[in-house]
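Here it is, the structure in full.
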Amino acid sequence: MHQVAQAFAWAGPRLLKPDGECGLLVPAMGLFEEPSAAFRRAFFQHFQVHGVANFSNLAEVLFDGRARVPTAALFYRLRPEDQTPSPDEPITTFSPFVVNQEATRPLADGERSKIWSLTINGSEIRTLTLAEVASGSGLPWKLAMWGTPWDERLIKRLEKKWPSLVKLQDDGDLLVAQGPDLYVTPQKKSSVDEETDAKDSAEELADEAKGYKQFKKYLGQPVLLPEKLKRFRCVFSFPTAALGSNKGSWLRLQGGSVGLRVFEPPHILTEEQPTKRWMNLYSVHDQRPLHGAKNPVTRDIRRGKYRPRLDIKFVSKGRLPNPRFCVEAKRLYRSDSVSSYMDDEGLGAFVGSYYAKSDSVGGMLGYVQTDSIAHWKIKIEAKLAVEASSLPLPNGAKSNPHSFKAGPKHTFKSRHQRAESSEPIDIFHTLLAFC
């Protein structure tokens with residue numbers, strides 16, 4: 001917790017009446033960061049804290065862009081002088097997630113609505129005891145927001161089985177440090193876009209070099225450009241466009257030289273074999289809830305647990321904007337399976353434009369669990385022919401065999417006119433045997 005926030009949190013209750021209550025917004029990192037452990041230890045012993053609301057997950061929307069610092073609200077009072085803190089003293093925590101704020105959810109992807117109310121979700125409320133937080137550890141707060149009792153159990157088992165990073169650092173087996181700032185000249189910070197000014201004379205550089213040391217071996221070394229990775233979700237290798245050339249070689253000695261050791265290999269030891277080549281090119285996302293989808297009968301927006309969830313989305317990282325391929329999967333095992341395959345949460349979701357809304361292709365995956373692939377292919381094609389002139393497949397739907405060079409064998413393609421677009425969508429149907 002920043003020192004100013006700590007000062008306000010400690011001094012605030014002095015201004016209260018004997019039965020007064022204090023509510024204060026503070027930086028949320030004070031609940032987690034290691035440098036604030038001593039303050040947390042003293043704070044929760046000295047004051048009677050009964051509520052903590054952690055708004056870290058709402059940092060981008062809580063103050064409508066006026067502030068972006070992760071925030072927490074503390075609710076506490078002065079502890080009576082004659083009262084001894086009880087280890088069982090409860091502290092209620094509330095850690096809301098922006099995805100659960102239905103009242104302010106935007107109607108379309110890419111939009112952002114103002115937070116004007118907070119919805120209380122029971123799964124986001126936990127109760128800690130004073131005994132759990134009295135040590136000053138940040139772990140209880142992390143588990144209260146992101147974890148479960150099973151996570152805590154796993155962490156304790158890992159602590160017994162393997163040494164921590166801090167232990168490895170203390171033993172000299174691991175170096176944890178921030179890399180140094182290298183400068184183009186003794187007074188100009190390094191940048192891939194900056195060059196030494198021609199007007200800088202040798203005498204001027206010699207005077208400025210006092211307190212600096214030059215390391216020429218770092219000139220021309222690759223530099224990662226983080227801004228080039230903004231649109232990438234998962235990065236398994238750095239694309240060429242995200243690498244620049246280092247032009248700085250001067251180190252300010254006042255800051256120390258330990259950061260230079262960060263440059264030296266090895267950085268991360270891993271095996272090459274488990275990482276397939278496709279993982280460098282694609283990312284895979286599953287069960288993503290979709291916003292703005294409408295009920296096909298009432299045309300009302302589907303919210304909360306009634307939102308459709310796209311089964312699989314493949315995202316190509318080779319170029320921008322990232323091409324996507326959305327897939328919906330269905331089980332084929334009983335008499336009504338084909339109807340489920342076709343309804344508004346199956347093929348109809350693509351035709352209704354809330355799956356792959358801006359894409360021209362999509363995929364349906366059929367898990368054949370009874371009979372044969374040929375049996376279900378005939379039934380699906382027959383259903384396509386029957387419903388070709390009615391919702392959810394308007395204006396015709398014809399299927400044709402299709403083959404991929406190195407893909408699944410049992411695939412056919414159908415083209416459909418979409419309900420809210422003048423452009424058709426091609427759906428690739430693939431049936432896989434699971435019986």
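For the stretch 121-133, what does the Karplus curve 6.51 cos²θ - 1.76 cosθ + 1.60, with θ = phi - 60°, yield as ³J(HN,Hα) per residue in whole Hz, taken in order and with x for Gly and Pro?
With the stated coefficients, the stretch 121-133 comes to 10, x, 6, 9, 10, 10, 10, 9, 10, 4, 4, 6, 9 Hz.
At a Förster distance of 51 Å, what's the computed FRET efficiency of Phe236 paired with Asp371, Cβ-Cβ distance as r, to 0.05?
Numbers: r = 40 Å, r/R0 = 0.78.
The calculated FRET efficiency here is 0.80.
Quick one: which of 352-363, 28-39 comes out on top by average Cβ neighbours within 10 Å, and what's the full order, highest first?
My ranking of the peptides, most packed first, is 352-363, 28-39.
If you take every DSSP beta bridge fully contained in the stretch 324-433, what fraction is antiparallel? Give it as a percent rounded to 5. Walk me through the numbers on the way to the answer.
Details: 13 of 27 bridges.
Beta bridges within the stretch 324-433, antiparallel portion: roughly 50 percent.
Could you let me know the centre-to-centre spacing of the stretch 146-176 and the stretch 307-347, using Cα atoms, in angstrom?
39
By the scheme Lys and Arg +1, Asp and Glu -1, what is the net charge of all other residues having a beta-carbon under 13 Å from that of Val133?
Net charge in that neighbourhood comes out at +1.
Then there's this: Which entries of Lys383/Lys409; Lys230/Lys313; Lys142/Lys330; Lys142/Lys230; Lys305/Lys409; Lys167/Lys317 have Cα-Cα distances beyond 29 Å here?
Violating the 29 Å Cα-Cα cut-off are Lys142/Lys330; Lys305/Lys409; Lys167/Lys317.
So, counting K/R as plus one and D/E as minus one, what does the shell of residues with Cβ under 15 Å around Pro70 add up to?
Within the 15 Å Cβ shell, the charges total +1.
Find the all-direction average of the projected area of the Cα convex hull for the stretch 324-433, expressing the result in square nanometres with one decimal place. List each step's numbers first, then the result.
On the way: hull surface 25.2 nm².
The Cα convex hull of the stretch 324-433, projected and averaged over all directions, gives 6.3 nm².
Order of 155-168, 374-387 by packing, highest average Cβ count within 10 Å first?
Working: 155-168: 10.6, 374-387: 16.4.
The densest-packed peptide leads the list: 374-387, 155-168.
Counting Lys and Arg as +1 and Asp and Glu as -1, what is the net charge of the other residues whose Cβ lies under 9 Å from the Cβ of Gly366?
Numbers: positive: Lys330, Arg331, Lys377; negative: none.
Combined, the nearby Lys, Arg, Asp and Glu give +3.
Right, another one. Sort 423-432, 5-14, 400-409 by packing, meaning the average of other beta carbons within 10 Å per residue, with the highest value first.
Working: 423-432: 18.2, 5-14: 14.9, 400-409: 9.2.
Ranked by mean Cβ neighbours within 10 Å, highest first: 423-432, 5-14, 400-409.
None of the figures in this text is laboratory data; all of them are computed from the coordinates on show. Predicted model only: the values in this text are computed from it and were never measured. Here Cβ is always computed from backbone atoms with ideal geometry, including for glycine, and neighbour counts include all displayed protein chains.
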